[in-house]
C-alpha cells in the first residue's frame, strides 16, 4: 500500500491574501504575522511585496511562511504598504514562476497583485494578452489579472480596476499594491472571502479571514461586499463600487464546512457555530444508536461536538494527529509506507475498544483515506463504525479556486451512498443533504453548492467524464 496522506483527500483552497496600510514602516512585519494566521489556506509558497511611497520590493519563495521569511528576508522590506500571499496551486503548476505576489513595472508605476480564486475565462483572456504582445512568464491566471490591470487606461489604479473587473468571470478576491496605496476588491459573485479592519496604529488591513485581522489587533472588522473596491492610503480607507453585485450570489459553502479557521466570521456568522449546527443537522437526519462520537481532527471537531449535543451520545477523541509528518521532505521507508495513515494518525484505543462508534468528518472527496481510518478504528476494538459527513456528496469539480478533483476522481460521482459505505468499510454512512445544510446555515440562497449539485452559478466548460466506477469496485478506499 502506498503512503496515504489524509490531507490529499480534502478539498484544497487556493490561497490566503493580506494587505496592509500603516503610518509606520513595519507593513511587511504585519503582513508576515497576517500570513502566519492564514497558513492553513496554502502551504506551497509565500510572498510579501512592500512599498515605501515610491519603489516596490518583493520577497517570495516556495515553502511555508516561516521557511520563506526570517529577519534577514524581512529587513529590506521597509515601508508602510504591503501585500502578501500564501499559496496552494489550483490553476498553474506548483513552481517558482507561479509564486505570488506578482510585481510588474507599468507606465503608471510599479504594480503588485495577489489573488485568491480562479477565473473560468482565463484561457480566453490569456489569448487576448498574447495577441497584444504581452509576455507571460507563468501558467497562473493571477498573472493574467496583473497584466490586464497594468494595460488598462484610467486616472487611478482603482479606476482601472473598476474598468477591467467586468471582463473577469469567476472567483477573485484581490489585494493590489502601488507605490502609494493598497487596494482590495472582491468579485461580484462573492465566491471568496475578503475582510477589512482598522489597525491599532490607525491604518487598515485586508485579509482572507477575520481571524488574521484579529491577530493583528484590528477592530471595526467588516466583510467587503461583492463587487466592492477599497482603497487604503496611510490611515485613510475609502470604498467604491467597482461593479454591481451579481444577481445570483455565490459564497463558497466550503468556507463554512472546512476551509476557514473556526474563529473566522464568514457571512456574518461564526464558522465554529455553523459547524456545530452542521453536526447537529446530520445527527437529526441520520440518527444511529452508538456509544461514542469521535471527529476526524481537526476541522471536524466542532461538528462532532454538535452531533454529540443533539444526539446525546458522548463526545470523545479517537485519534491523535501528528501535525508535522506532512511537513517532512524525508520519504518514509517501505515498512512505514505500509502503515499508511498511521503516519498521520494514531488511535486512542481506550476511547474506542468495545464501543459502537460514530465518526464525524467534514467531507469525502476521492475516498482514499476514509477506508484506512475506519480500518484503524476497527483494529482498536470498535464493535461498529458509523460514518457521518457534514456536507452532501461531492460529485462535481469546482472551477472557482478549490481543488476538488475531476469527475473521474470524485467517488460520489460514480458510487451511490450505500456503495461508498461498502467501499470504505462503514456499517452505515450518512451525508448531510443540501436542504438540511442550507437550513443549518440559516440561508435560503446566496451560496455556491455546485460541487454537490452540478448547478454552477457561472457557465463553465465541463470535461465529459469517463466511466471510472470500476476503479472503486472491490477495493478499500
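Residues checked against (1) within 18 Å of residue 233 (Cα to Cα); (2) within 20 Å of the chain's Cα centre (by Cα); (3) in contact (Cβ under 8 Å) with a residue 40 or more places away in the chain:
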site	(1), (2), (3)
30	yes, no, yes
34	no, yes, yes
55	yes, no, yes
59	no, no, no
64	no, yes, yes
74	no, no, yes
99	no, yes, yes
111	yes, no, yes
Exercise. Can you name every residue in the stretch 237-260 that is touching a strand residue (DSSP E or B) at 6+ places or on another chain (Cβ under 7 Å) and part of a loop (DSSP other than H, G, I, E, B)?
Worked result: 242, 250, 260
Exercise. If you check 374, 364, which single one turns out to be under 18 Å from the mean Cα position of the chain (by Cα), closer than 20 Å to residue 303 by Cα and at pLDDT 90 or above?
Worked result: 364
Problem set entry | In the stretch 398-442, residue nearest to residue 279 (Cα to Cα) [restricted to those that are out of contact with any helix residue (DSSP H, G or I) (no Cβ under 9 Å at 6 or more places or on another chain) and modelled with pLDDT of 95 or more] | 435
For this session: Determine whether residue 43 is surrounded by fewer than 17 Cβ atoms within 10 Å (Cβ to Cβ), modelled with pLDDT under 95 and part of a loop (DSSP other than H, G, I, E, B).
Result: no
Exercise. Scanning for something under 27 Å from residue 203 (Cβ atoms) and in the same structural domain as residue 16 (by TED's automatic domain parsing), does the stretch 248-256 turn up at least one residue?
Worked result: no
Problem set entry | Subset of the stretch 261-295 that is in a loop (DSSP other than H, G, I, E, B) and over 21 Å from the mean Cα position of the chain (by Cα) - its residue that is farthest from residue 392 (Cα to Cα) | 291
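Matching residues to (1) modelled with pLDDT of 85 or more; (2) closer than 24 Å to residue 257 by Cβ; (3) in a helix (DSSP H, G or I); (4) out of contact with any strand residue (DSSP E or B) (no Cβ under 7 Å at 6 or more places or on another chain):
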{"residue": "297", "(1), (2), (3), (4)": "yes, yes, no, no"}
{"residue": "306", "(1), (2), (3), (4)": "yes, yes, yes, yes"}
{"residue": "317", "(1), (2), (3), (4)": "yes, yes, no, no"}
{"residue": "326", "(1), (2), (3), (4)": "no, yes, yes, yes"}
{"residue": "330", "(1), (2), (3), (4)": "no, no, no, yes"}
{"residue": "341", "(1), (2), (3), (4)": "no, yes, yes, yes"}
{"residue": "346", "(1), (2), (3), (4)": "yes, no, no, no"}
{"residue": "350", "(1), (2), (3), (4)": "yes, no, yes, yes"}
{"residue": "357", "(1), (2), (3), (4)": "yes, yes, no, no"}
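The values are calculated or read from the model by the stated rules, or taken from the named source; none is laboratory data. What you are looking at is a predicted structure, and each value in this text was computed from that prediction instead of being measured. Using ideal geometry, Cβ is built from the backbone for each residue, glycine included, and neighbour counts are taken over all protein chains shown.
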